[in-house]
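What follows is a single structure, written as structure tokens, with notes after it.
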Amino acid sequence: MSAPTIDVLDAQQFGLPRTGAIYLIHGSQLALIESGTATAAEGTLQQLRASGGTAVSPAFIFLTHIHLDHAGGAGHLARAFPDAKIVVHERGARHLANPSQLIEGVRCAAPDLFPRYGEPLPIPEQQLLPVTGGEVFDLGHEIQLEVIATPGHASHHVCYYERTSRTLFTGDAAGNWNNPADVPLTPPPRFDLARGLQTLATLKRLAPTYLAFTHFGMTDDALSHLNDYERRLIEWFDDIRTLRTSLASDDIVKQILNRPRYAGLKEAERSVVAMCVRGAILSIEAGSA
């Protein structure tokens with residue numbers, strides 16, 4: 001499924017198809033939403049050239065947040081397109097200019113996955129365009145992209161709402177779509193459950209026609225999915241709270257990974273599930289869930 005003027009590029013996250021998406025928006029100005037991982041950058045450039053020849057040069061690269069599966073390739077794309085503006089929440093901008101803390105944080109939170117992300121490159125400050133929410137970008141051809149502040153998954157998370165086609169680019173605020181590792185996205189260091197639920201209420205009020213997921217693809221069953229993800233998020237934390245009454249953290253991770261819905265996943269997908277379990281545990285321990 002694809003809404004008008006929007007193409008889905010497969011970022012081949014962790015070497016897996018249909019796991020990480022980058023969206024190409026065809027206004028009079030071209031724009032990308034998300035950059036994929038650093039390891040995906042060369043493949044993304046090849047897909048862009050195939051979609052429009054050497055003339056393809058995005059004016060904007062919109063990032064939902066700075067986690068390396070969404071923003072790790074941004075520095076590589078910024079180098080390839082030096083006139084492009086990299087749009088990101090103001091809280092994340094400094095980490096893209098100097099990604100050393102970001103790299104170390106991911107290395108600690110997901111050591112098994114870190115090599116699969118690749119090394120992000122710093123982005124020149126003149127290419128960074130910080131936002132906070134409420135900004136609207138007119139891309140031409142009646143395409144208007146609104147920045148929606150959506151904390152919870154991360155304090156610096158934003159979604160993007162394309163008003164004409166009523167397409168909402170969800171980042172990680174509304175979970176996965178049609179993804180084998182279909183787990184609530186609660187990574188370390190801290191998921192904020194109350195703010196995540198408030199974000200879902202905000203997204204439902206927009207009444208989008210389409211949801212465009214970074215992980216992976218699009219659906220027109222928008223309201224049903226948002227309601228379902230809200231329910232699953234609450235149940236996920238209730239489940240982990242119950243397990244904590246009798247199990248240590250590592251044993252909780254093992255028990256959840258052994259459940260039928262996760263037992264057959266590939267190694268990288270199992271690492272994602274484990275990371276989200278650990279993140280939920282940390283959130284409960286910190287009192288943010």
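The values are calculated or read from the model by the stated rules, or taken from the named source; none is laboratory data. Keep in mind that this is a model prediction, so the values were computed, not measured. Note that each Cβ is placed from the backbone with ideal geometry, even for glycine, and that neighbours are counted across all protein chains shown.
Do we have any residue at all in segment 96-104 that's touching a residue at least 24 places away in the same chain (Cβ under 8 Å) and of a type in the set (S, T, Y)? Among the residues of segment 96-104, not one is touching a residue at least 24 places away in the same chain (Cβ under 8 Å) and of a type in the set (S, T, Y), which makes the answer no. Looking only at residues in segment 24-39 that are touching a residue at least 40 places away in the same chain (Cβ under 8 Å) and under 17 Å from G75 (Cα atoms), the one that is nearest to the chain's Cα centre (by Cα) is E34. Checked against the criterion of being modelled with pLDDT under 95, part of a helix (DSSP H, G or I) and under 19 Å from the mean Cα position of the chain (by Cα), the candidates A268, A280 yield just one match: A268. Return the residues of segment 192-215 that are under 21 Å from G20 (Cα atoms) and in contact (Cβ under 8 Å) with a residue 60 or more places away in the chain; say none if nothing qualifies. Within segment 192-215, Y210, A212, F213, T214, H215 qualify. When G133 is tested against (1) part of a loop (DSSP other than H, G, I, E, B); (2) more than 18 Å from the chain's Cα centre (by Cα); (3) free of Cβ contacts under 8 Å to residues at least 60 places away in the same chain, only condition (2) is not met. Of the residues making up segment 139-169, those that are touching a residue at least 24 places away in the same chain (Cβ under 8 Å), among the acidic types (D, E) and surrounded by fewer than 19 Cβ atoms within 10 Å (Cβ to Cβ) number 0. The residues of segment 80-101 that are among the charged types (D, E, K, R) and in a helix (DSSP H, G or I), listed by number, are E90, R91, R94.
Is there a residue being free of Cβ contacts under 8 Å to residues at least 12 places away in the same chain, surrounded by fewer than 16 Cβ atoms within 10 Å (Cβ to Cβ) and farther than 25 Å from I6 by Cβ anywhere in segment 76-90? Within segment 76-90 (the criterion being free of Cβ contacts under 8 Å to residues at least 12 places away in the same chain, surrounded by fewer than 16 Cβ atoms within 10 Å (Cβ to Cβ) and farther than 25 Å from I6 by Cβ), the answer is no, since none of the residues qualifies. Scanning segment 92-110 for residues being buried (at least 17 other Cβ atoms within 10 Å of the Cβ) and under 29 Å from V136 (Cβ atoms) gives a total of 6.
Applying the set (1) of a type in the set (D, E, K, R); (2) over 18 Å from the mean Cα position of the chain (by Cα); (3) assigned to a loop (DSSP other than H, G, I, E, B) to E104 leaves exactly one unmet item: (3).
Tallying residues that are among the charged types (D, E, K, R) and without any contact (Cβ under 8 Å) to a residue 12 or more places away in the chain within segment 43-75 yields 1. Taken over segment 109-130, the criterion of being in contact (Cβ under 8 Å) with a residue 60 or more places away in the chain and out of contact with any Lys or Arg (no Cβ under 7 Å at 6 or more places or on another chain) is satisfied by A109, A110, D112, L113, R116, Y117, G118, E119, P120.
Here A201, A173 are screened, and the one residue that is under 30 Å from D83 (Cα atoms) and of a type in the set (G, A, S) is A173.
To keep it simple, each residue is scored yes or no on (1) in contact with a Ser or Thr (Cβ under 6 Å, 6 or more places away or on another chain); (2) under 28 Å from F14 (Cα atoms); (3) not in a strand (DSSP E or B).
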site: A173; (1), (2), (3): yes, yes, yes
site: N179; (1), (2), (3): no, yes, yes
site: P189; (1), (2), (3): no, yes, yes
site: T202; (1), (2), (3): no, no, yes
site: A212; (1), (2), (3): yes, yes, no
site: W236; (1), (2), (3): no, yes, yes
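Per the listing T202, T150, the residue uniquely within 28 Å of H95 (Cβ to Cβ) and touching a Cys at 6+ places or on another chain (Cβ under 6 Å) is T150.
Just one of (1) surrounded by fewer than 20 Cβ atoms within 10 Å (Cβ to Cβ); (2) closer than 28 Å to Y160 by Cβ; (3) touching an Asp or Glu at 6+ places or on another chain (Cβ under 9 Å); (4) of a type in the set (A, V, I, L, M, F, W, C) fails for L211. It is (1).
Residues that are more than 21 Å from V106 (Cα to Cα), surrounded by 24 or more Cβ atoms within 10 Å (Cβ to Cβ) and touching a residue at least 60 places away in the same chain (Cβ under 8 Å) within segment 170-191 comprise just one, T170.
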